[in-house]
Amino acid sequence: MAKLLLKKLYKRYSNKHSKLQNDFAVNDFSLECNDGEFVGILGPSGCGKTTTLRMIAGLEDITAGDIFIGNTRINDLHPKDRQIGLAFEDYALYPPLNVYDNIAFNLRAKKVKEADILSEIKRIAPLLKVDDLLDSRPVSLSGGQKQRVNIARAVIRKPKLLLLDEPLSHLDGKMRQVLRTEIKRLHKEINCTTIIVTHDQLEAMSLADRIAIMKDGKLQQYGTPLEIYNYPVNEFVAGFIGEPPMNIMTVTVSKTDGVFFFNFSGTDVSIPVPTQYYPHVQEGGTVRFGIRPSDVLIGQQSSMGSMVQVAVFENLGEECRISIRVGDDYLTMTTSEEIRYRQGDVIKLVVKSDRIHLFNPVSGDRLGEKI
């Protein structure tokens with residue numbers, strides 16, 4: 001295993017038809033991944049995450065910047081000399097070869113002795129639970145089995161760095177959950193520095209020690225899953241992380257008897273501003289108000305709160321989701337209560353004041369200190 005360091009990476013594709021002056025696929029991207037760490041690169045389609053991974057692997061030229069594995073600068077090294085294992089979202093197995101020969105392919109290309117290849121396959125195959133598939137051809141395998149073989153082929157090279165490019169994207173929901181668990185277990189077994197690229201926040205949150213969130217080629221935030229969930233640095237990160245997503249809407253600030261309130265346009269809903277945000281609000285001003293659905297509560301009759309009507313009620317078994325029409329927006333809450341609601345039912349809306357997030361309405365940056 002080894003430390004990975006990305007320093008001010010840029011990738012720009014030549015496009016004479018582009019009207020943009022700075023149409024970078026990756027723009028000033030820096031990242032440090034410690035020995036043995038599992039890091040997720042997360043973002044929407046087209047944000048530059050796969051391009052970043054391909055630059056690390058040597059499959060894309062770097063426009064500017066440096067990549068280090070350990071103390072070695074690898075910018076100019078051939079992909080085969082970077083000591084990297086790479087598993088793509090497409091399994092890319094060789095149809096004429098059985099599973100054993102597919103896993104052995106890279107070692108045979110390096111002229112490794114057959115006895116050593118057999119020893120390594122006996123070590124790796126059980127870790128990926130493909131030891132009973134070694135005589136099978138790819139055509140007879142399920143998607144999950146193919147991906148296990150694909151990852152085994154990358155791991156058997158004993159890489160310093162394991163790169164996983166959307167490894168679960170072609171699998172159904174249940175198999176994705178199974179393989180997430182298998183990949184997490186495998187990482188602990190082989191103790192290899194690992195980077196996974198994904199657009200699925202659940203994959204990143206469940207697998208990674210730290211997550212790098214990208215947008216438009218730029219790094220937005222890098223931290224542990226809990227840091228990113230509890231303290232998003234901007235509105236994009238706040239809305240991207242969490243299921244259901246954070247409620248984010250524009251509110252106006254009013255002041256009564258020295259107390260600030262958030263007022264929601266077109267409604268009577270009014271929420272006291274937590275004192276920690278007083279330096280960041282002013283009477284008559286607007287801010288972007290954020291609250292996660294799990295931090296919106298149904299209050300008792302005696303509790304402080306605003307009366308609102310249920311717009312949509314969804315019973316999902318483990319939890320229920322309630323959508324409330326607030327002006328032109330919908331505010332979602334989740335509850336484990338077994339009480340059913342119907343459209344038009346009146347409930348009391350209460351929010352956890354210490355879980356309110358505020359964002360600048362222009363820049364989208366977070367306001368206030370860490371909660």
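The values are calculated or read from the model by the stated rules, or taken from the named source; none is laboratory data. These numbers were taken from a predicted model, which means no experiment stands behind them. All Cβ positions, even for glycine, are placed from backbone atoms using ideal geometry, and neighbour counts span all protein chains on display.
Return the residue satisfying two criteria in turn: it lies in region 104-154 and is of a type in the set (S, T, N, Q) and more than 24 Å from Arg180 (Cα to Cα), and of such residues it is surrounded by the fewest Cβ atoms within 10 Å (Cβ to Cβ). Walk me through how you get there before you give the answer.
Of the residues in region 104-154, the ones of a type in the set (S, T, N, Q) are 106, 119, 136, 140, 142, 145, 147, 150.
When the remaining residues are screened for being more than 24 Å from Arg180 (Cα to Cα), the result is 106, 119.
Working: Asn106: 16, Ser119: 12.
If we take residues in region 104-154 being of a type in the set (S, T, N, Q) and more than 24 Å from Arg180 (Cα to Cα), then Ser119 is surrounded by the fewest Cβ atoms within 10 Å (Cβ to Cβ).
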**Study point:** Phe313 being modelled with pLDDT of 95 or more, of a type outside the set (Val, Ile, Thr) and part of a strand (DSSP E or B)
**Key:** no
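Would you mind finding the one in Thr193, Thr181, Thr267, Thr198 that is in the same structural domain as Ile356 (by TED's automatic domain parsing) and among the β-branched types (Val, Ile, Thr)? Write out each step before concluding.
Details: Thr193 fails: in the same structural domain as Ile356 (by TED's automatic domain parsing); Thr181 fails: in the same structural domain as Ile356 (by TED's automatic domain parsing); Thr198 fails: in the same structural domain as Ile356 (by TED's automatic domain parsing).
Step by step, each of Thr193, Thr181, Thr267, Thr198 is checked, and only Thr267 is in the same structural domain as Ile356 (by TED's automatic domain parsing) and among the β-branched types (Val, Ile, Thr).
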Check your understanding: Do you know which residues across region 331-371 are closer than 22 Å to Ser265 by Cα and without any contact (Cβ under 8 Å) to a residue 40 or more places away in the chain?
Key -> Gln343, Gly344, Asp345, Val346, Val362
Practice item. Report yes if Met307 is in a strand (DSSP E or B), buried (at least 17 other Cβ atoms within 10 Å of the Cβ) and either out of contact with any helix residue (DSSP H, G or I) (no Cβ under 8 Å at 6 or more places or on another chain) or in the same structural domain as Val178 (by TED's automatic domain parsing) (or both), otherwise no. Key: no
**Study point:** Condition met for Asp66 (at pLDDT 95 or above and either over 12 Å from Ile195 (Cβ atoms) or surrounded by 13 or more Cβ atoms within 10 Å (Cβ to Cβ) (or both))
**Key:** yes
Review point. Within region 190-210, can one find any residue that is crowded, with 19+ Cβ neighbours inside 10 Å and on the phi > 0 side of the Ramachandran plot?
Key: no
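Table: residues versus (1) modelled with pLDDT of 95 or more; (2) among the polar types (S, T, N, Q); (3) part of a strand (DSSP E or B); (4) closer than 20 Å to Glu37 by Cβ.
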| position | (1), (2), (3), (4) |
| --- | --- |
| Gln177 | no, yes, no, no |
| Ile183 | no, no, no, yes |
| Leu186 | no, no, no, yes |
| Ile195 | yes, no, yes, yes |
| Glu203 | no, no, no, yes |
| Ile211 | yes, no, yes, yes |
| Gln220 | yes, yes, yes, yes |
| Glu227 | yes, no, no, yes |
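Looking at Asp101, Asp66, which is the one that is among the charged types (D, E, K, R) and either in contact (Cβ under 8 Å) with a residue 24 or more places away in the chain or not assigned by TED's automatic domain parsing to the domain that holds Arg12 (or both)? If you could, list the steps in order and put the result at the bottom.
Working: Asp101 fails: either in contact (Cβ under 8 Å) with a residue 24 or more places away in the chain or not assigned by TED's automatic domain parsing to the domain that holds Arg12 (or both).
The unique qualifying residue is Asp66.
Conditions tested, residue by residue: (1) among the charged types (D, E, K, R); (2) modelled with pLDDT under 95; (3) assigned to a strand (DSSP E or B).
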site: Met55; (1), (2), (3): no, no, no
site: Asp76; (1), (2), (3): yes, yes, no
site: Lys80; (1), (2), (3): yes, yes, no
site: Leu93; (1), (2), (3): no, yes, no
site: Leu107; (1), (2), (3): no, yes, no
site: Glu120; (1), (2), (3): yes, yes, no
site: Arg123; (1), (2), (3): yes, yes, no
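Starting from residues that are of a type in the set (Ser, Thr, Tyr) and within 13 Å of the chain's Cα centre (by Cα), keep the ones in region 211-263 and report whichever is nearest to Leu349 (Cα to Cα).
At the first step, the residues of region 211-263 found to be of a type in the set (Ser, Thr, Tyr) are 222, 224, 229, 231, 250, 252, 254, 256.
Pick out the ones that are also within 13 Å of the chain's Cα centre (by Cα) and you get 222, 224, 229.
Details: Tyr222: 33, Thr224: 31, Tyr229: 23 Å.
Ranking the qualifying residues of region 211-263, first place goes to Tyr229.
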Point to revise | Filtered residues of region 328-371 (kept if of a type outside the set (Asp, Glu), surrounded by fewer than 15 Cβ atoms within 10 Å (Cβ to Cβ), over 23 Å from the mean Cα position of the chain (by Cα) and under 14 Å from Asp295 (Cα atoms)) | key: Ser336, Lys352
Review point. Which ones in region 229-263 are among the polar types (S, T, N, Q) and assigned to a strand (DSSP E or B)?
Key: Asn234, Asn247, Thr250, Thr252, Ser254, Thr256, Asn263
